[in-house]
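The values are calculated or read from the model by the stated rules, or taken from the named source; none is laboratory data. Only a predicted model underlies this, so the values are computations on that prediction, with no experimental measurement involved. FYI the Cβ positions are ideal-geometry reconstructions off the backbone, even for glycines, and counts take in every protein chain you see.
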Amino acid sequence: MVEDHGTNLIMHTIICQNVSKVWGLDTPEEVLAIDRVSFSVEPGEFLVIIGPSGCGKSTLLSMIAGLEPPTAGKILHDGEPIAGPSPQRSMIFQQSSLLPWMSVIDNVAFGLELKGVNRKARHQRAEHFLKEVGLRSFAHRYPHQLSGGMQQRACIARALCLGTDVLLMDEPFAALDVQTRYQMQKFLLDIWQAAGKTVVFVTHHIDEAIFLADRVIILTARPGRLLESVTIDMARPRDVMSSEFERHRNLFVEHMRSEVVRAFEEQELVEMMDTRV
Amino acid sequence: MVEDHGTNLIMHTIICQNVSKVWGLDTPEEVLAIDRVSFSVEPGEFLVIIGPSGCGKSTLLSMIAGLEPPTAGKILHDGEPIAGPSPQRSMIFQQSSLLPWMSVIDNVAFGLELKGVNRKARHQRAEHFLKEVGLRSFAHRYPHQLSGGMQQRACIARALCLGTDVLLMDEPFAALDVQTRYQMQKFLLDIWQAAGKTVVFVTHHIDEAIFLADRVIILTARPGRLLESVTIDMARPRDVMSSEFERHRNLFVEHMRSEVVRAFEEQELVEMMDTRV
Amino acid sequence: MQQTPVQESQSTAPLQSSSLSERKRKARIKSLKSLVQQVLWWVLSLSLFIGLWELLSALGLLNTLILPAPHQFIAEIANQEQFMSLKVGVERTGANFAALTAIVATLTRVLSGLVLGFIAALLVGCLAAYFKIFGNLTLPVITLLAPIAPIAWIPFAILAFGIGDGAAIFVVFVGIFFILTLATVNTIRNVDQLYINTARVLGASRRQVMFKIILPAIIPDLFVILRMNLFAAWMAVLAAEMVGVNTGLGAIIMVGRQMFNAKLMFLGMAMIGVVGYLLDAGFAQIQKRVLWWKTTAQI
Amino acid sequence: MQQTPVQESQSTAPLQSSSLSERKRKARIKSLKSLVQQVLWWVLSLSLFIGLWELLSALGLLNTLILPAPHQFIAEIANQEQFMSLKVGVERTGANFAALTAIVATLTRVLSGLVLGFIAALLVGCLAAYFKIFGNLTLPVITLLAPIAPIAWIPFAILAFGIGDGAAIFVVFVGIFFILTLATVNTIRNVDQLYINTARVLGASRRQVMFKIILPAIIPDLFVILRMNLFAAWMAVLAAEMVGVNTGLGAIIMVGRQMFNAKLMFLGMAMIGVVGYLLDAGFAQIQKRVLWWKTTAQI
Amino acid sequence: ACQKTGGQATGGAAAREIKFSHGTGLCNMPLFYSAEKQLFEKYGFKGSAALTPLASDIAAQLATGQVEMSVIPFTNAIAAYTQGASFQIVAGSGIEGLILVAKPEITSFEQLRGKKIATFQADTLDVVVYDYLKNAGMTYDDVEMVYFGDSTELLNAYLSGQVDAVSHIEPYATKAQTETDGNVLGDGTDIYGQGYPDCVLAARNELIEQEPDVVKDVIRTFFEAEYEIENNFEEAAETTVGKYYKTDLESVLAAAQAQPPGVDIRDKREFMYSRAESMKELNYINSSPDENFVNFDLLNEVIEESPELWERVDVKANV
Ligand SMILES: Nc1ncnc2c1ncn2[C@@H]1O[C@H](COP(=O)(O)OP(=O)(O)OP(=O)(O)O)[C@@H](O)[C@H]1O
Ligand SMILES: Nc1ncnc2c1ncn2[C@@H]1O[C@H](COP(=O)(O)OP(=O)(O)OP(=O)(O)O)[C@@H](O)[C@H]1O
Ligand SMILES: [Mg+2]
Ligand SMILES: [Mg+2]
């Protein structure tokens, strides 16, 4: 399951080698969140990471983003070890991360503003991407005036506007309702296909994973270990009703169920010992 | 689809006759939430009401509870029009509604306390039902020391403790994670089968509906109208993987999809007109 | 909670939601009605209160020397010749006050102190958060000085700055500065990590995070804290005016006291109430504007 | 943020989470270390501050008549013969204070006023919420009286209650009562509908909802508001003591001022700071207990 | 049983107690001296002094019935009286001693233009400044008045240079003059004449009506105190310094000279009424005190009934 690294580096955009993460080292709350995980992401690939709640998906993603250093192991991006955040890898979070005091267009152009691009140039570029995500008429609104789905679209526009190659997405649609989520999934696939980005997408929804992914990596319940890597070779757009989809779903449900039960039992145990939830 | 009422009243516990509800009558925010809905619930039946988000499920349930009067139409319980809340109909809400300043056992016994039952007697009875829901060792904890699932179990114990015949449940497991939700569903069925209660259960999860219901009522997107009433005659416990389950799921998905799309389109329209979300 | 009997003919007909214009008209009437009702209750409540007060006075049950009836202390305006004249910047002479002068004097003191305190606290707080060593060195001292009530600084202020605006402004400054500095540091610590992570992922440097994220994120919260301390500042200035700085609203009630003139005292109290209320309302307005990007629910 | 080079031998070995006891030991050492560090910074910060102050004094750059050096005003304790004696309830004689007497006097006033105000506000607020007509009649008047700063009531209080505890307690009472009454009504309006619905579904009468749901639900919030107004009450008492009630902590700094004795003034300020801090800390403790059923995150 | 306890309560009480409110100046000396030497006891009652920091509180305590009698600057008495407080002035207590001291460079009232003058508000010290300025053709608009609440504070404000002139009583005025090498611009006698009153003795109406003899006894005590003070300054100063005057013996001795006691001020009635006019101009009061404000009937009776007390004091009204 663990892939063979270090050979054709050029082929891979992101490589995780035996990455582990311990939170709260040397405190009584020490938690091993990620345990020796290795995988790689190819350029232009749509990789989905799935796993039960609390298994360390967000932890893994924020290490790739460079927001947190791994406790052990190594993460490379284009052959370079990751030493901190970089505009090469944009992250889209579960909640909207638009800055509430800026208009939508200023938010989208914020990455360019940080780079020192002048106002006119960055607004021009931002407008282009706002159009791309269908928010042109909302450019001068403020985030709180947008619906949840619109906010996430603006976040995506911000990432695109910076010209990022890699999009890291941490359950970006989890806070949306069913219908909006479905629209956003289709929207994301359109964007991804058009722009040829590399996407690492975290979720715990099986259907979402199958609907989106080129390849799905399944993590075990905490501590997150690599359980399985599944390539989905269905043509897009994928039909949720198709038997192929069904087959994949059943496989994942099987995998997840065992992990969920494990996680649940563990949690029950913890609850009995420590009643703070 | 609309059933024939008024004939054998004795057979039905709860009867809704052409019930409508308008929120914010005579204000600019006037909303028609429920539109001429008629159905009845038989004693001991497990009825699930399903419908897209915002279609008026909670509105309908709180009218049955007696918390809100219908704008038009009539709701009967055991032949009597409902004029207000009654301990005969207990409601369990989406969020835990335990009173945070009381211990779990006091919460469970709260209905009896309101009736004036003395402390010893009510605690004895409450302890019995706490045991029933597997929370005996948590009797003297406080709500915030319990997990979400445990809190909902305590709410159910409270309803049972009062000796209620009818349990009205408004998405009681929606705030729980997947694994806990599954456990709670099984738990609820056990309780229901053992105690022979009448249950009206609101959800927007198709699987949950099929897993639980004797009969499922589908509401349309807002304004909520009765779309379909489906009897699920599968033996319990039901296997989520079975083809029968699958068949029901597909039927519901079909129904829901069209409604969801309608709701979504309506929402989009609203968003364009009024950008406050 | 009442159940209207069902009329068959009506219940089966669709419950038509009325048209938008019709709806708006009804809504207007309804809100107008409730407004009128509101006003009536206010009038009734006030008349009852004042009526009772006047009645008790008239019956001799109240010592009007101590508690003059409303009509008495309002009539005191007439005795204060210049009271209602539009003089600003004219100091009082003897027991003569120009109400406007007093209000302007007091407000100037409060606002100058607040503005100076806010700026200074923001500066020191940001520096303390940005340069850890500076923070470590200054924050303990500030923490120790913060609980000294601004009022306790009045005698020192008068010694150090003489009698006048300087002392009053200093008292407000000192009352706001320590608390707000600590609040700044604290608020900076509580800035949503999500915003900071967002900026970092987009390539922001430490300085950029400070100026582009932390500063805009904390200003509204600080303003809320400033507003919470407005009342203390207001009280401190009034106290200073009562104790030594002998102009302004605080001085009016003090003169009332020295003259054994309860009417002037109550007149002064009424003015303090009104001005205090308007001051707070003004700040609430500003706060709304500063916080435009937060929905009311969040505030 | 630094990336340690990967050692092959280590990275493939399982990253063993250390044993619980080992972990606890490490955690203890770590927290002890940070505590020591904390203390060191405090000491350093304070010594720097005091050192600078003393240095400037010694160099003659500060007018010690106005701003005495710390060692000078602490030495003032010795000049105040009875200052540290354990006398309670003994009024001051001339400019002689017993520190304990002053503290007890001031605290008694603050706390009596707060307790009375809290109880009265709770009562009136609940009645106003329960009996709509009563509320409609009283709330407008209370709303109008609320913005009068408690300090403005001082002269009236002294007239009405004479010089002494009565006046000071009244000032605190009046400062807390109106605000807290309005807060009570407001908090009652904001009680989570879910709790009320729960009780109603379980068969609670209107009275039961009031006593079993609303009262327990609002007490913690009211306590928070009470604590927010503690500072105003504290200031009001100090002001009253400065202006007329000539015992207590406020009187100490006032005598310092009257005697042109900056040392006594600073001594008084230091005491006000310490007592004010302890008072607030005490209330924070009580609040924690009153709010035991809310997790800290919610507070 | 009832009667017995009742009897005990009244009969057991050793002496009727009269509470006085008063200020801190030397014009209170007869009261302080009487209290310390227990002169009241000779007449079968007890006098107790309730120190009040602000002149206004003296009137407040009298007006609200917290005390029955007061030694009060007559101006504060006027202010309280015109507000409707029910009391009357029955005798004098101290006379003269209102002194205006200015910085060395200020030698005339004309030079006070635009300067800061400190004093107590609505006090005799305040009115005397106004009268002086009026004399020099000026008003309060021409100077800046700064008001303080305490003698020491007032002195310190002048000494520390916060104000340019101070209207003060002894011993503070002397201290102000010597420490700054300042000028005494006036001591009141040049515009008010010799023997003008400062503090006076006031009693509540109920007391005057119901127990006139008690009031008369207090006046008698005051006469006795006046006699003893006039004849033994040092003894009087030693008795009262420390407890009542926060200064050294020397200053009190010097001050006592400038501010002698004076109980018989029957000829100063009109003087007080005309000061009320000044106060009206300052807007301190809106109406003049009526005829009942000053009531020297009891004083007259005392002088008639006990001429020996009156004969032997120095300060006498020439009526
Ligand atoms: N900043 C942090 N400090 C300490 N522990 C953390 C931190 N972030 C996460 N953890 C812990 O690490 C474990 C994994 O958390 P993580 O958020 O990565 O899981 P996840 O798979 O993203 O879960 P979810 O599906 O709920 O988002 C959890 O036990 C969590 O408590
Ligand atoms: N108390 C209320 N006042 C005004 N409008 C309300 C109220 N409660 C619900 N509504 C409106 O009535 C409609 C139906 O709401 P309701 O909560 O019953 O839907 P729901 O089916 O329970 O939705 P969900 O699945 O999100 O819980 C919505 O448009 C909602 O905005
Ligand atoms: Mg996560
Ligand atoms: Mg609902």
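Using the structure shown, decide if A:Ser86 is within 24 Å of A:Pro172 (Cα to Cα) and either under 21 Å from the mean Cα position of the chain (by Cα) or within 16 Å of ligand 1 (Cβ to nearest atom) (or both). Judged against the criteria, A:Ser86 is a match.
Flag: D:Ile188 matches the condition of being modelled with pLDDT of 90 or more and in the same structural domain as D:Gly244 (by TED's automatic domain parsing). The C-beta contact set for segment A:34-57 (first residue farther than 30 Å from A:Ala194 by Cβ, second residue near ligand 3 (Cβ under 10 Å from one of its atoms) and among the aliphatic types (A, V, I, L, M), distance under 8 angstrom, 6+ apart or interchain) comprises A:Ile34/A:Leu60; A:Val37/A:Leu60. Among the residues making up segment B:172-186, those that are more than 13 Å from chain A (Cβ to nearest Cβ) and within 16 Å of ligand 2 (Cβ to nearest atom) are B:Pro172, B:Phe173. Suppose we filter D:Leu230, D:Leu222, D:Leu238, D:Leu226 for residues that are assigned to a helix (DSSP H, G or I), within 9 Å of chain C (Cβ to nearest Cβ) and in contact with a Leu (Cβ under 8 Å, 6 or more places away or on another chain); which single one remains? Within the list D:Leu230, D:Leu222, D:Leu238, D:Leu226, the selection yields D:Leu238.
Selection over segment E:82-93 of residues that are at pLDDT below 90, within 30 Å of E:Ile117 (Cβ to Cβ) and not hydrophobic (A, V, I, L, M, F, W, C) gives a count of 2.
Let's see how each residue does on (1) at pLDDT below 85; (2) of a type in the set (A, V, I, L, M, F, W, C):
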position: D:Phe260; (1), (2): yes, yes
position: D:Leu267; (1), (2): no, yes
position: D:Ala270; (1), (2): no, yes
position: D:Gly276; (1), (2): no, no
position: D:Leu279; (1), (2): no, yes
position: D:Ala284; (1), (2): no, yes
position: D:Leu291; (1), (2): yes, yes
position: D:Lys294; (1), (2): yes, no
position: D:Gln298; (1), (2): yes, no
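When E:Lys243 is tested against (1) closer than 21 Å to E:Ala203 by Cα; (2) within 14 Å of another protein chain (Cβ to nearest Cβ); (3) among the basic types (Lys, Arg), just one condition goes unmet, and that condition is (1).
Among the conditions (1) out of contact with any helix residue (DSSP H, G or I) (no Cβ under 9 Å at 6 or more places or on another chain); (2) closer than 30 Å to B:Met102 by Cα; (3) within 9 Å of another protein chain (Cβ to nearest Cβ), D:Arg289 misses just one, which is (3). Tell me, yes or no, whether segment B:140-159 has at least one residue that is within 16 Å of ligand 1 (Cβ to nearest atom), of a type in the set (A, V, I, L, M), in a loop (DSSP other than H, G, I, E, B) and within 13 Å of chain A (Cβ to nearest Cβ). Within segment B:140-159 (the criterion being within 16 Å of ligand 1 (Cβ to nearest atom), of a type in the set (A, V, I, L, M), in a loop (DSSP other than H, G, I, E, B) and within 13 Å of chain A (Cβ to nearest Cβ)), the answer is no, since none of the residues qualifies. Checked against (1) within 16 Å of ligand 2 (Cβ to nearest atom); (2) within 20 Å of B:Glu171 (Cβ to Cβ), B:Leu98 meets all criteria but (1). Tallying residues that are within 10 Å of B:Val48 (Cβ to Cβ) and either under 16 Å from the mean Cα position of the chain (by Cα) or within 16 Å of ligand 4 (Cβ to nearest atom) (or both) within segment B:215-248 yields 4.
Taking segment B:25-62 as the search range and keeping residues that are in a loop (DSSP other than H, G, I, E, B) and at the interface with chain C (Cβ under 9 Å from one of its Cβ atoms), which one is nearest to ligand 2 (Cβ to nearest atom)? Step by step, filter segment B:25-62, then rank; the result is B:Glu29.
Segment D:96-213 holds helices (runs of 4 or more DSSP H) entirely within its bounds, and those carrying 2 or more residues that are touching a residue at least 60 places away in the same chain (Cβ under 8 Å) and crowded, with 23+ Cβ neighbours inside 10 Å map to D:99-130, D:154-161, D:165-189.
Is it fair to say B:Thr13 is modelled with pLDDT under 90 and facing another protein chain (nearest Cβ under 9 Å)? It is false that B:Thr13 is modelled with pLDDT under 90 and facing another protein chain (nearest Cβ under 9 Å).
With respect to B:Gln151, is the statement that it is closer than 20 Å to B:Ser90 by Cα, away from ligand 4 (no atom under 16 Å from the Cβ) and in contact (Cβ under 8 Å) with a residue 12 or more places away in the chain true? So B:Gln151 passes the test. Looking across segment E:234-282, the residues that are of a type in the set (S, T, N, Q), in a helix (DSSP H, G or I) and surrounded by 16 or more Cβ atoms within 10 Å (Cβ to Cβ) come down to E:Thr239, E:Thr240, E:Ser251, E:Ser278.
On the basis of being more than 14 Å from chain C (Cβ to nearest Cβ), touching a Lys or Arg at 6+ places or on another chain (Cβ under 9 Å), more than 16 Å from ligand 2 (Cβ to nearest atom) and not basic (Lys, Arg), does A:Asp78 make the cut? Considered against the rule, which asks whether it is more than 14 Å from chain C (Cβ to nearest Cβ), touching a Lys or Arg at 6+ places or on another chain (Cβ under 9 Å), more than 16 Å from ligand 2 (Cβ to nearest atom) and not basic (Lys, Arg), A:Asp78 comes out as no.
Taken over segment A:147-164, the criterion of being within 21 Å of C:Leu202 (Cβ to Cβ), buried (at least 19 other Cβ atoms within 10 Å of the Cβ) and not polar (S, T, N, Q) is satisfied by A:Met150, A:Arg153, A:Ala154, A:Cys155, A:Ile156, A:Ala157, A:Arg158, A:Ala159, A:Leu160, A:Cys161, A:Leu162.
Against the test of being within 10 Å of chain C (Cβ to nearest Cβ) and more than 16 Å from ligand 2 (Cβ to nearest atom), the options A:Ala65, A:Ala72, A:Ala83, A:Ala121 yield a single qualifying residue, A:Ala65.
Being more than 9 Å from chain C (Cβ to nearest Cβ), touching a residue at least 60 places away in the same chain (Cβ under 8 Å) and not aromatic (Phe, Trp, Tyr), is that true of even one residue in segment D:52-69?
Yes: one or more hits.
Filtered by the rule that a residue be outside any helix (DSSP H, G or I), more than 14 Å from chain A (Cβ to nearest Cβ) and either within 16 Å of ligand 4 (Cβ to nearest atom) or crowded, with 21+ Cβ neighbours inside 10 Å (or both), segment B:199-214 gives B:Val199, B:Val200, B:Phe201, B:Val202, B:Ala213. Does A:Leu114 fit the bill of being away from ligand 4 (no atom under 16 Å from the Cβ), within 14 Å of chain C (Cβ to nearest Cβ) and aliphatic (A, V, I, L, M)? Spelling it out, A:Leu114 is indeed away from ligand 4 (no atom under 16 Å from the Cβ), within 14 Å of chain C (Cβ to nearest Cβ) and aliphatic (A, V, I, L, M).
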